[in-house]
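**Student:** Quick one: the structure is below, questions incoming.
The values are calculated or read from the model by the stated rules, or taken from the named source; none is laboratory data. Being a predicted model, the structure only gives us computed values, none of them experimental. Note that each Cβ is placed from the backbone with ideal geometry, even for glycine, and that neighbours are counted across all protein chains shown. Keep in mind that these areas ignore ligands, DNA and RNA; they rest on the heavy atoms of the full protein, side chains included. Shrake-Rupley method; radii C 1.70, N 1.55, O 1.52, S 1.80 Å.
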Amino acid sequence: MRVIGKGVNREDGYEKVTGRALFADDHSFPGMLYARVKRSIYPHARILEIDTSRAKALPGVLAVATARDIPGMNVVHVVIDDQPLLADKTVMYVGEPLAVVAAETPEIAEQACDLIDVKYSKLPAVLDILKARGKSSPKIYKDNNVFAHHKIRKGNIEEGFKKADIVLEQIYRTPYQEHAYLEPQGMVAVPRYGSTMEIYGTMQCPFYVQQAVADITGLDLSRVRVVQTYTGGAFGGKEDVPSLVAGQAALLAYHTQRPVKLIYSREEDIISMSKRHPAWIKYRSGVTKDGKLTAVEIEFLFDSGAYSTLSSVVLWRGIVHSVGPYNVPHVKVDAYAVATNKVPCGAFRGFGSPQVIFAAETQMNELAAKLDMDPAQFRSINLLQEGDLTATSQLLDHSVGIGDTLKAALGSSNWRDKRKGSGGTDGSVRKGIGLSTVFYGVGLGAGGKQMARAGAYVQLLRDGSAQFAVGTTEMGQGMRTVLSQIVAEQLGIPYKKVYMIETDTSRVPDSGPTVASRATVMSGNALIKACAPLREILLKRAGIILGQDPQFLIFQDEMIHLEEHPEIAVPLMKVIEDCHHHRENMSHEGWFISPETSWDPETGQGKAYFIYSWATNIAEVEVDIETGQVKVLKITAAHDMGKAINPLLVEGQIEGGALQGMGYGLMEEVLVDEGRIINPNFSTYIIPTVIDAPEFQPIIVEKPFRDGPYGAKGFGELPLMGVAPAVTAAISHALGITLHEIPATPERILEAIQAAKKANLNG
Amino acid sequence: MFDIKIYKPKTLDDALEIKANLLNDIAVLAGGTDLTIRLKEKTIIPKGILDISGLEDLKFVLEDNAILNIGPLCTHNELSDRHTDWGALIDSYAPELGEGCRVLGSPQIRNIATIGGNIVNSSPVGDTIPPLFVLGARLKVQSLKGERYVDIADFATAPGKNVLKPTELLTGIVFEKHRKKDRGFFNKIGQRRALFIAKSSVAFKGSWNGDIFSGVKIALGAVAPTVIFAPETAAFLNDNKLTRDTLDQACNIIRTEGRPINDLRSTVQYRRVVLGALLKKGLLPFLGKK
């Protein structure tokens, strides 16, 4: 293939590194106003009064809107419609929006917000997920504070544990994680002709934003157009919450009939936008003395925050991934999304899986230790293989690359020697190595089945260039490049001749959200479908020119020629010109519906996802036993993504995801005091810097997916998912301790060393 | 958002005059890396800003026999880049201060933030302050009425508070150069390996004769409301043969000398424990070294 499988440069790289790319805040319109949001200062309170009179009287203020001024519905739809755009009767978390202001300058808008007087009557807040389920807890959602409960029942759990020689039960905790995208949330709402609304902004899911703006303004969907601007990172943090930002801007644009720009400050973004759910996980596994898993029983809680938003689906991905990529005959899982008076949690790379993977993989490493077995060998006994059934009893019939990733990573990292040479007594530094094996269900799965379709539009122009549009978005992950490669390959034209039009709801039908690592598979397939009639027209026209039957013609090197006789050929460019001359329709649409999935909510059994990607992570660390500081030396990550359409971008995804996963495992922590986030900026919310980055060894394993474009599966989230437990396993290996809570900060590591010393003295 | 008058004097006298007239209503901007955050967060709302960043008179490193005199408007990069004259001087004669300047904030912050700002900001986590403690620095402060010198250890009184009067500006930082046998270091620890604020830090200076330190001074950052000395550890190490055993004992003593708190950066327990580790890291290279 000419373009597929090549590490071509990013299509948008030049614009981004030269500063030409226009992000949300770079967009301005004549007569534009600036918006600010008034937010709750209490985690839970009744609103007695919102007095906007002083704010409205401030010169330069054009509009102040509260819940009462919403012409449509005061709802931001995600799954359950419990979240208002602006709080009406009660506030449910610190930072919840109460009112919005549009003014001539951002400074006046800010000042006007300060002039809005809110009278509250404080209510008892629910802050702890374990207490939230107790009888005595205040109720903030239904009668049990539970937004969702999902379960898996496979085999017979009692029987499974009876067959076990060793049973291990542990409790695990994982923290919030903040997306820390470079570009904060931002939208510009532009009213046109008194009856339509255009939205420009940073987002993953333009069709969600379109729905939200239509709901809030009361306009028909047909009168709301959403255009995605260059998006400076998202990681799930721009899945559902941009609907709030767009709704706020659109409400003010609706009332003033002037363009309104709303850009969040970093602090505002961190306190009010979604996060990774903190989790409490009770994990019990049974294993025979020769290392075969017999049973897994899990109960876990996600701290969902004040509104349900995406929690139910996040929890669902969590249960499907909770057992890990292992063949376990008896499984029982119960998972709950619990309501608390804190910021609503939502999507974040891995979507409910990194929490349970931390528990599952730590559990596997400790079971291996109890069996006195190498954790890699213990994995190979239990890993899923072709023909096996998953925890949801899904038959894996092809593209199961987990064993290959394990083999590749073990070999490349020299695991066996390094595993033997742990610890060390040279000064205060100890070395260790640890691993994790992970799988990832590609796409929305049975949990989001109704949205599992995508559209595409392709036009081949008379100069031999092509433009295309899709409904999924580029957010830095590389979709624009990968899809351009697919179009170039399909149409036989050079990669540089392909241009992707910015994602715009008026160009293609609702293609679902850009989440769940689905863009390559979904939009890639839709594009292949859109290119098919164009290929047919080109071959037909070439057949006429050459006087040959089109079925024996092929595309090669910007020529079309007879397969058996390459000398009988015509330049592609001539064929394209001829097509236009003969008034052929050179623009076509494609529509792709995902392969079938299924789910029984009572038993948690079914074909959860249409395909899985697989990975093995190996982390090597040095730990200073006197400071508890960890230096990650190297991360080897072998991934099976079916086909690396662009190996360079694949490696970039692996490295970036691994670093983000390392941050999750070692240092990132949102600190909440009485419902208030106390570290809402980057001097106190600590993410890894380039100096903290280890050496990366990305490894590509390709086990093709038969329904994927060129065999590709989605994998963008996978690089993050299993890195935290690989790093903590390496720390445990270095020090002979166990870590059941992340982040593994130096404070926690020193505590664990102390605890281990005490246990040794007593034991 | 701000209705603030900005004063940008051309001379020190003009600056002092503005200070004398406006007293507490004015905030001084040197590098601005702390001030602008406070303005943005509205933790201070001054009527005016005295922007002294253009006062070239306050940007110097002067060598006067055994004394170094540093202008408060020198940036951290200017004092720590060994390839420049100033950086080389600091590296030779006050290496612990060079290190403090080198590990403060990020490259961007070090390019604009000034040593004077770090001192007047009077935070217990200021990375130049423990080194200045062990160097025995004296601060020259001036007002229209004259000048006085304040010992660095007497300068800060609480987080963000110091003895500078509303009429005064910091105009010089003076200390004795290292002599031939003097050795010093500054070590800090945080949540990551770069761009971090200290959970604990330790500065050390002493005269080394091959197995004994004399004239030992140790200062601790981030473990009390201000930077503090660790007099007991210093006394223990002073004129005492440095061995693995005495080093371990010193590490135990230093852990008792901080008065840390739990906050969003770390815990009491951790901050105490790592004081020992930071001291040890700095002194280990001297063990067995003649």
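**Student:** Rounded to the nearest percent, how much of the accessible area of the protein assembly as shown (1.4 Å probe, protein heavy atoms only) is carbon and sulfur?
**Tutor:** With neighbouring chains kept in place, the figure for the protein assembly as shown is 50 percent.
**Student:** Taking a 22 Å limit on the Cα-Cα distance, which of the listed pairs A:275/A:342; A:574/A:643; B:19/B:145; A:151/A:607 fall beyond it?
**Tutor:** Listed pairs above 22 Å: A:574/A:643.
**Student:** So in region A:617-756, what percent of DSSP beta bridges are antiparallel if you round to the nearest 5?
**Tutor:** Percentage antiparallel, nearest 5: 55.
**Student:** As a check on your grasp of the helix formula, calculate [θ] at 222 nm for chain A: sum -39500 (n - 2.57) over DSSP H runs of n ≥ 4, divide by the residue count, round to the nearest 500.
**Tutor:** -9000 deg cm²/dmol
**Student:** Which of the aspartates and glutamates could be linked to residue A:420 by a straight reach, that is with a Cα gap under 12 Å, when you skip same-chain ones fewer than 8 residues away?
**Tutor:** Of all the aspartates and glutamates, those that pass the test against residue A:420 - Cα under 12 Å, at least 8 places apart if same chain - are A:374.
**Student:** Tell me what chain B gives for mean residue ellipticity at 222 nm when only DSSP H runs of n ≥ 4 count, each as -39,500 (n - 2.57), the sum divided by the residue total, rounded to 500 deg cm²/dmol.
**Tutor:** About -9000 deg cm²/dmol.
**Student:** If you add up the charges near residue A:155, with Lys and Arg at +1 and Asp and Glu at -1, over every other residue whose beta carbon is less than 13 angstrom from its beta carbon, what do you get?
**Tutor:** Here the count lands on +2.
**Student:** Around residue B:73, what is the net charge, scoring Lys/Arg as +1 and Asp/Glu as -1 over all other residues with Cβ under 11 Å from its Cβ?
**Tutor:** Local charge sum for residue B:73: -2.
**Student:** Looking only at B:211, B:81, B:127, which one moves most when chain B is put into a Gaussian network model with springs between Cα atoms under 10 Å?
**Tutor:** Sorting by GNM fluctuation, first place goes to B:211.
**Student:** How much FRET efficiency would the formula 1/(1 + (r/R0)^6) give for residue B:45 and residue A:139, where r is the Cβ-Cβ distance and R0 is 56 Å, rounded to 0.05?
**Tutor:** Here the calculated transfer efficiency is 0.85.
**Student:** Now, a different point. Using 0.36 nm times the number of residues separating residue A:589 and residue A:156, minus their current alpha carbon distance, what extension gain do you get?
**Tutor:** 151.0 nm
**Student:** Tell me the trypsin sites (Lys or Arg not before Pro) within region A:242-310 that lie in a loop according to DSSP and have at most 15 other beta-carbon atoms within 10 Å.
**Tutor:** A:289
**Student:** So which trypsin sites (Lys or Arg not before Pro) in region A:701-763 are both in a DSSP loop and have at most 16 other Cβ atoms within 10 Å of their Cβ?
**Tutor:** For trypsin sites (Lys or Arg not before Pro) across region A:701-763 that sit outside H, G, I, E and B with at most 16 neighbouring Cβ atoms in 10 Å, the list reads A:706.
**Student:** Related question: How big is region A:456-579 along each principal axis, measuring the range of its Cα positions in Å and listing the largest first?
**Tutor:** Extents along the principal axes: 46, 24, 22 Å.
**Student:** Per 5 Å bin from zero, what fraction in whole % of the C-alpha pairs of region B:1-177 is there, up to the bin with the longest pair?
**Tutor:** Pair shares across the bins are 2, 9, 17, 23, 21, 16, 9, 3, 1, 0, 0.
**Student:** FRET efficiency for residue A:223 and residue A:81, Cβ-Cβ distance as r, R0 = 25 Å, nearest 0.05?
**Tutor:** Efficiency computed from Cβ-Cβ geometry: 0.70.
**Student:** A further question follows. Working with all protein chains in place, sort A:6, A:407 by solvent-accessible area computed with a 1.4 Å probe, largest first.
**Tutor:** Solvent-accessible surface, decreasing: A:407, A:6.
**Student:** If I build a Gaussian network model for chain B, linking alpha-carbon pairs within less than 10 angstrom, which residue out of B:67, B:109, B:228 has the largest mean-square fluctuation?
**Tutor:** Residue with maximal mean-square fluctuation among B:67, B:109, B:228: B:67.
**Student:** Along its three principal axes, how long is the protein assembly as shown when you only count alpha carbons? Whole Å, largest extent first please.
**Tutor:** Reported extents, whole Å, longest axis first: 97, 76, 73.
**Student:** Taking GluC sites (Glu not before Pro) as candidate sites, keep only those in a DSSP loop with at most 12 other Cβ atoms within 10 Å, then name the longest stretch of chain A containing none of them.
**Tutor:** Between exposed loop sites, the widest span is A:1-562.
**Student:** Along the three principal axes, how long is region B:184-286 when you take its alpha carbons, biggest first, rounded to the nearest angstrom?
**Tutor:** Sorted from largest, the Cα extents of region B:184-286 read 41, 25, 22 Å.
**Student:** Let me ask you something else. Summing Lys, Arg as +1 and Asp, Glu as -1, what charge do residues with Cβ under 11 Å from the Cβ of residue A:291 carry, residue A:291 excluded?
**Tutor:** Here the count lands on 0.
**Student:** Then there is this: In nm, to one decimal, how far is the residue B:88 label point from the residue A:691 one, both placed 7 Å along Cα→Cβ?
**Tutor:** About 2.5 nm, to one decimal.
**Student:** Something else now. Using only alpha-carbon positions, what ratio does the radius of gyration of region A:153-200 give when scaled by 2.2 N^0.38 Å?
**Tutor:** The value comes to 2.77.
**Student:** Treat each spin label as a single point 7 Å out from the Cα along the C-beta direction, and report the residue A:1 to residue A:417 distance in nm.
**Tutor:** Here the modelled spin labels are 3.7 nm apart.
**Student:** Just to be sure I follow the definition: excluding the sites themselves, where is the longest run in chain A that has none of the chymotrypsin sites (Phe, Trp or Tyr not before Pro) in a DSSP loop with at most 14 other Cβ atoms within 10 Å?
**Tutor:** Counting only loop sites that pass the neighbour cut-off, the longest clear stretch is A:194-681.
**Student:** While we're here: Run the reach check for residue B:40 against lysines, Cα to Cα strictly under 22 Å, same-chain hits fewer than 8 apart removed. What comes back?
**Tutor:** Cross-link targets: A:38, A:261, B:5, B:8, B:161.
**Student:** Once you have the Cα-Cα distance between residue A:20 and residue A:107, take 0.36 nm times their residue separation minus that, and quote the gain in nm to one decimal.
**Tutor:** My answer for the length gained is 28.6 nm.
**Student:** Contour minus end-to-end for residue A:582 and residue A:633, with contour as 0.36 nm per residue of separation and end-to-end as the Cα-Cα distance?
**Tutor:** Full-extension gain reported as 12.1 nm.
**Student:** What is the spin-label model distance, in nm, from residue A:762 to residue B:287 if the labels are put 7 Å beyond Cα along the C-beta direction?
**Tutor:** 3.1
**Student:** Here is the link list: A:89/A:122; A:540/A:713; A:162/A:292; A:289/A:634; A:631/B:241. Which ones come out longer than 21 Å on Cα distance?
**Tutor:** Those over the limit are A:540/A:713; A:289/A:634; A:631/B:241.
**Student:** Now a separate question. What FRET efficiency would be calculated for the residue pair residue A:598, residue A:496, taking the C-beta separation as r and a Förster radius of 35 Å, to the nearest 0.05?
**Tutor:** Once the sixth-power term is evaluated, E becomes 0.25.
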